[in-house]
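One structure is given below, encoded as structure tokens.
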Amino acid sequence: QVQLVESGGGLVQAGGSLRLSCAASGLTFSSFTMAWFRQAPGKERELITMFSWSGVRIYYVDFVKGRFLISRDNAKNTVYLQMNSLKPEDTAIYYCAASKYNVKTLKPGDVDYWGQGTQVTVSS
């Protein structure tokens, strides 16, 4: 049984930082594209950043480049999202995702497994 368990969300002031973690179990970590999505109220779920299968190729959506950093620890089957210089518009539920597709960018429909989500709230 595949499980993705996120942690690390919370309330932070604008300009602050948070680090999200996603612990994966029940899958061969290196054989999946691992990604972070987010969904703000009233908006569609959107891709933020992702690792390719091998972890060599990394994608960031433009509006987080230079502020967010994705990393992974294969020994722990864990993916991290370091979020710096947070803005109120970053407020959303953040989801960890795993996909068997090896593509440049993931769509929500490409995802095989989702985490439960973790709330990130950035106050102004």
- Lys and Arg at +1, Asp and Glu at -1: add these up for the other residues within a Cβ distance under 12 Å of residue 102 and post the number. +2
- Item | Rounded if a/c under 1.5, otherwise prolate or oblate - segment 82-124, Cα gyration tensor axes | prolate
- Query: Relative contact order for segment 1-113: what is it in percent, counting Cα pairs under 8 Å that are at least 6 residues apart?
  - Reply: 33
- State to the nearest 20 debye the size of the charge dipole of the chain about its Cα centre, where the only charges are +1 on K and R beta carbons and -1 on D and E beta carbons. 220
- Item | Fraction of the pair-distance distribution of the chain above 24 Å, Cα-Cα pairs, percent | 19
- Query: Tally Lys and Arg at +1 and Asp and Glu at -1 over the other residues with C-beta under 9 Å from the C-beta of residue 80: what net charge comes out?
  - Reply: +1
- Principal axis box of segment 22-71, alpha-carbon based, largest edge first, Å: 33, 23, 14
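FYI, it's all coordinate maths here, none of it is from the lab. Just so it is clear, the structure is predicted and the values come from calculations on it, not from any experiment. Counting neighbours? That spans all protein chains shown, and the Cβs are built from the backbone with ideal geometry, glycine included.
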